Every structure is written in C-alpha cells, then in structure tokens.
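A.B. asks: So that we are looking at the same thing, I have put the structure below in structure tokens.
Read the figures in this text as sums done on the coordinates, not as results from a lab. A quick note: this is a predicted structure, and the numbers were derived from the prediction, not measured. Note: ideal-geometry Cβ built from the backbone for every residue, glycine included; neighbour counts use all protein chains shown.
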Ligand SMILES: Nc1nc2c(ncn2[C@@H]2O[C@H](COP(=O)(O)OP(=O)(O)O)[C@@H](O)[C@H]2O)c(=O)[nH]1
Ligand SMILES: [Mg+2]
C-alpha cells in the first residue's frame with residue numbers, strides 16, 4: 001500500500017480546506033475570509049454587512065480570536081448565528097478549526113458565512129479555509145504604505161475594504177498612492193472605500209457581496 005506523505009502543515013491545511021469547500025458546496029453556502037489588523041474594523045464591517053444583507057441573504061459568522069468571545073457575543077446579540085474559535089495564541093485560523101465551526105452551523109439555512117480571521121496582516125494570508133472570497137480591510141489610521149510591508153495579504157485578497165474614511169481629514173493618508181500600489185501588485189483587486197461610522201460606501205460593498213452570492217448560487221444550479 002502506498003502511503004501519502006503530506007508536505008507539512010500547508011498541505012494538511014489545504015486538504016481540510018477542500019473538505020470545507022465540499023461541505024459549503026453541498027449546502028449552497030458562500031464563505032468569505034475577512035482579514036485585517038486588530039482594530040481595523042472587522043467586527044464593525046461584519047455588523048454593517050449583516051444589516052445590509054438583511055432581507056436578501058441569511059448570514060452566519062465564525063469568529064476567530066486568540067482569546068475571549070467579545071465579538072461573537074456582539075454578533076449573537078443581533079440574532080445572527082455565531083461560533084467563536086479561540087486559537088489559544090496562534091495568529092491565524094486554520095481550515096480544521098473552521099471545519100469544526102461549520103459543523104456547528106445550520107448550513108442548510110445559511111446563504112453566507114463570514115469568517116472574522118485573527119487580527120494580523122501576515123499569517124492569515126497563508127492559510128486557505130475553503131473560502132469563496134478573500135477580503136481584507138485596511139483602516140486609514142494604519143497608513144497607505146502597508147501594502148509595501150505586507151505584500152502577501154494585499155496581493156492574495158480579492159477585495160480590499162479601506163475603512164474609517166471619516167478619519168482621513170485627521171491623517172496624512174493618501175488614497176491615490178494606496179490604490180496605485182495595490183493595483184500594481186494585484187490588478188484584479190476590487191476596492192471599496194467605507195466608513196462604518198458614517199455608513200459611507202457600505203451600500204456598494206453590500207450590493208457587490210449580495211451579487212457575488214447570488215451569482216455563485218446560479219452557477220451551482222446550472223452545473
Ligand atoms: N472612526 C471610525 N471608527 C471605526 C470605524 N470602524 C470601526 N471603528 C472603531 O474601531 C474600533 C475597532 O473596531 P472593530 O470592528 O472592533 O475592529 P476589529 O478588531 O478589526 O474587529 C472600534 O472602536 C470601532 O468603533 C470607522 O469607520 N470609523
Ligand atoms: Mg473583531
């Protein structure tokens with residue numbers, strides 16, 4: 001009998017990410033992997049997105065944090081199903097942890113799963129979860145030079161949400177420079193400029209997401 005040797009942690013993770021993909025496809029669920037630094041506004045964007053998709057899609061959230069359950073409690077208080085994963089020190093979510101969380105959700109009743117990854121601009125980009133869409137958030141207070149320092153996440157993401165645009169007048173954030181740098185490393189990236197404080201730009205993001213989920217459902221129905 002031939003024994004397959006997995007090439008370390010990434011191969012093993014990718015195999016389970018594939019299993020997650022099968023679970024999601026079977027139930028017709030779309031999943032986004034939301035990544036950003038701590039405090040960039042991941043939970044705020046999720047709350048605003050859940051508001052925006054109400055009446056169109058049914059959402060569920062998987063929360064990844066090193067410790068605590070503050071974010072999942074905030075989501076669950078709105079009535080949306082939320083599962084908390086504590087990584088116990090690890091700086092990213094792995095497919096195996098998301099697999100456990102997916103099995104605790106009623107996927108047949110869900111259109112969209114939003115995964116809030118652990119706050120970090122490095123490690124989450126390296127671990128596939130079985131997601132349809134990689135979305136990253138950069139908040140303006142972090143500075144427009146971040147793509148040059150964390151190129152993997154900016155080049156791997158399908159969508160970049162620039163959050164906290166309400167703070168631009170108080171910073172030296174240069175949106176033109178940011179877009180120029182990001183589009184050079186990732187020409188296909190879709191950029192949304194939003195403020196969870198004022199609501200600016202969120203409708204565009206929500207409409208884009210609803211369309212993505214519907215298009216995926218339609219493509220699955222035709223195949
Ligand atoms: N001014 C401003 N503050 C924001 C915005 N979005 C989030 N925040 C604040 O930023 C902090 C961190 O947000 P949170 O969503 O918890 O970030 P996370 O750690 O990435 O999940 C909170 O105090 C939010 O109220 C925004 O668009 N503008
Ligand atoms: Mg959070």
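A.B. asks: For region 78-205, count the residues as N, evaluate 2.2 N^0.38 Å, and divide the Cα radius of gyration by that value, please.
C.D. replies: The reported ratio for this selection is 1.14.
A.B. asks: Right, here's the next one. Restricting to DSSP H runs of at least four residues, report the calculated mean residue ellipticity at 222 nm for the chain, -39500 (n - 2.57) per run over all residues, nearest 500 deg cm²/dmol. It would help to have the intermediate numbers written out before the result.
C.D. replies: Details: 8 runs with 89 residues, N = 223.
Rounded to the nearest 500, it is -12000 deg cm²/dmol.
A.B. asks: Continuing with the same structure: Under a GNM of the chain (C-alpha, springs under 10 Å), which listed residue has the highest mean-square fluctuation: 129, 24, 178?
C.D. replies: Most flexible of the set in this elastic network: 178.
A.B. asks: If you average the alpha carbon positions of region 67-86 and of region 164-218, how far apart do those two centres end up, in angstrom?
C.D. replies: Cα centroid to Cα centroid, the span is 25 Å.
A.B. asks: Right, next: Treat the count of other C-beta atoms within 10 Å as a stand-in for reagent exposure and order 179, 26, 116, 200 from fewest to most. Don't skip to the answer; put the middle values down first.
C.D. replies: Values: 179 17, 26 10, 116 26, 200 13.
Neighbour counts put them in this order, fewest first: 26, 200, 179, 116.
A.B. asks: Here is a further query. So what does the Cα-only Debye profile of region 34-80 read at q = 0.13, 0.14, 0.33 Å⁻¹, as log10 I(q)/I(0), no solvent term?
C.D. replies: -0.29, -0.33, -1.44
A.B. asks: Moving on to the next point. Using only Cα atoms and rounding to the nearest 10 degrees, what angle (0 to 90) does helix 42-53 make with the longest principal axis of the chain?
C.D. replies: Computed tilt is about 80 degrees.
A.B. asks: Taking other Cβ within 10 Å of each residue's Cβ, how do 21, 214 sort, fewest first?
C.D. replies: Details: 21 17, 214 14.
Starting with the residue having the fewest Cβ neighbours, the order is 214, 21.
A.B. asks: In µm²/s, what is D for region 1-128 at 20 °C and 1.002 mPa s, where D = kT/(6 pi eta Rh) by Stokes-Einstein and Rh is the Kirkwood radius from Cα pairs?
C.D. replies: Values: Rh = 15.1 Å.
The Stokes-Einstein estimate is 142 µm²/s.
A.B. asks: Further question: With the cut-off at 1.5 for a/c, could you classify region 85-158 from its C-alpha gyration tensor as rounded, prolate or oblate?
C.D. replies: It is prolate, given that a/c is not under 1.5 and a/b is the larger ratio.
A.B. asks: I've got another one for you. Angle between the Cα long axis of helix 175-185 and the longest principal axis of the chain, 0 to 90 degrees, nearest 10?
C.D. replies: Once rounded, the angle reads 40 degrees.
A.B. asks: Something else now. Compute the long axis of helix 202-222 from its Cα atoms, compare it with the longest principal axis of the Cα atoms of the chain, and write down the angle in degrees, 0 to 90, nearest 10.
C.D. replies: 30 degrees
A.B. asks: Normalised by the number of residues in the chain, what is the relative contact order in percent for Cα pairs under 8 Å and 6+ residues apart? Mind dumping the intermediate values first?
C.D. replies: Working: 400 pairs, mean separation 54.0, N = 223.
After rounding, I find 24 percent.
A.B. asks: Determine the equivalent ellipsoid of the chain by diagonalising the alpha-carbon gyration tensor, then write out the semi-axes as square roots of 5 times the eigenvalues, largest first, rounded to whole Å. Display every interim value, and only then the final one.
C.D. replies: Details: eigenvalues 145, 90, 62 Å².
Working through the eigenvalues yields semi-axes of 27, 21, 18 Å.
A.B. asks: Continuing with this model, one more query. Of 139, 72, 90, which has the largest mean-square fluctuation in a 10 Å C-alpha GNM of the chain?
C.D. replies: 90
A.B. asks: In what order do 23, 112 fall by count of nearby beta-carbon atoms within 10 Å, going from fewest to most?
C.D. replies: On the way: 23 18, 112 23.
Fewest to most other Cβ atoms nearby, the residues stand as 23, 112.
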